[in-house]
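Let me begin by presenting the structure, written as structure tokens, before commenting on it.
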Amino acid sequence: MHVKEKIDTRKFVVLGEFDPPKGPDFSRFLENANRVKGRVDALVVPEMANGVMKASSLGGCAFLKSHGFETVLQACCRDRNRLALQADLLAASALGISSVMAVTGEDIRFGDHPQAREVYDVDVMQLLDIIKGFQAGKDMAGIALEGRSEFFPGAAINAGSMGGALDIAISNLDQMVEKGVRFVVTTPVFDLHRFGQFIKRIDTEKVAVIPTVLLLKSAGMARYIDRNIHHISIPSDLIREIQKAPDKLKQCMRTAADLITGLRDMGLPGVMISTVGWEDKLPQLLDAARL
């Protein structure tokens, strides 16, 4: 069953985030994907996450689709102008890649090519207009296309926003839904109570909110995220549990599995699992979460 069908029928959808390689050798990328074939509903291929140069999301999606995987394309405003974004979307449509996420892209200064120029010719709202126009058979300039695209549009949302920032995030989400967004993937979630307060603000009848569960690698990684990544909060007791555990990897797995279970028990429509380079450990995490 495709992601769209699962979300439409309110069945729990499992997405796996798979970074494409930094190089032309896709063998390990495919090997790790094959390990979870049939266990995840689709693989989300980031577009140069954290500003690090890697193979493109379109290239990764096309490669995986040729090997029988459903994928989710990321269309990123940071790196391409309106011509290039439209060209990529046309190619994705022709290749049968229907699920697409419109994303802003992280600050390029923290990547491996900090001297690169950010583009931002269009913002996420304009990108969503492009996707909506393609489904009506027209490009951004209003010129008729040869055929219509059939996209299942998504976007990203910051689940850690608070106060006025949360009001803005909810307002933006309402606009995105009006432009056709059917699902949103959140920033990593570590505090179920705090996330529960966030989800109460959203009309989940109109849009599927899919939280991200990030597999931590160490207590140090958890502390760094908690201190330095804006709007992501990790409970101190969770960090202490990892620090004190005799088997740190096992505890990190248990933490992620418990979060997945808790989110599922909250009635969320699905989850995206991010392993940031530990894709080979995703089968083990799926086992721990009984997925």
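Where a number appears in this text, it was derived from the coordinates with a stated rule and is not lab data. Because the structure is predicted, anything quoted here is derived from the model rather than measured. For neighbour counting, all protein chains shown are included, and Cβ atoms are generated from backbone atoms with ideal geometry for every residue, glycine included.
So the values come out like this:
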item	result
The chain: calculated mean residue ellipticity at 222 nm from DSSP helix runs of at least 4, using -39500 (n - 2.57)	-12000 deg cm²/dmol
Calculated from backbone phi, Karplus (6.51, -1.76, 1.60) coupling profile of the stretch 197-209 in Hz, x at Gly/Pro	5, 5, 5, 5, 7, 10, 7, 6, 6, 9, 8, 7, 9
Derived scalar couplings ³J(HN,Hα) [the stretch 245-250; Karplus, 6.51 cos²θ - 1.76 cosθ + 1.60; whole Hz; x for Gly, Pro]	5, x, 10, 4, 4, 4
³J(HN,Hα), Karplus 6.51/-1.76/1.60, whole Hz, each residue of the stretch 17-22, x for Gly, Pro	7, 10, 5, x, x, 8
Centre separation in Å (Cα based) which lies between the stretch 30-82 and the stretch 216-249	27
Per-peptide average of other Cβ atoms within 10 Å, ordering 154-161, 78-85 highest first	154-161, 78-85
Gyration tensor verdict on the stretch 36-130 (Cα atoms; rounded if a/c is under 1.5, prolate if a/b is larger than b/c, oblate otherwise)	oblate
Extension gain from Gln243 to Tyr224, taking 0.36 nm per residue of separation minus the Cα-Cα distance	5.5 nm
Degrees between helix 82-94 axis and first principal axis of the chain (Cα, 0 to 90, nearest 10)	80
Pair His2, Thr104: separation of 7 Å Cα→Cβ label points (nm)	3.0
Considering only the chain, percent of DSSP beta bridges that pair antiparallel, nearest 5	5
Residues whose placed amide H lies under 5 Å from that of Ala155, excluding near-sequence neighbours	Ala102, Phe183, Val184, Val185
Reachable lysines, given that their alpha-carbon falls under 17 Å from the alpha-carbon of Lys250 and they are not under 8 places away in the same chain	Lys217, Lys281
Flagged links, alpha-carbon separation over 19 Å, of Lys54/Lys248; Lys138/Lys179; Lys4/Lys179	Lys54/Lys248
Spacing of the two label points (7 Å from each Cα toward its C-beta) at Ser66 and Glu146, in nm	2.2
Correct option for Cα extents along the principal axes in Å [calculated from the coordinates] among (1) 62, 53, 25; (2) 61, 45, 44; (3) 65, 49, 32	(2)
Built amide H within the under 5 Å cut-off of Met53, gap 5+	Asp112, His113
0 to 90° range, to nearest 10: angle between helix 163-178 axis and the chain longest Cα axis	40
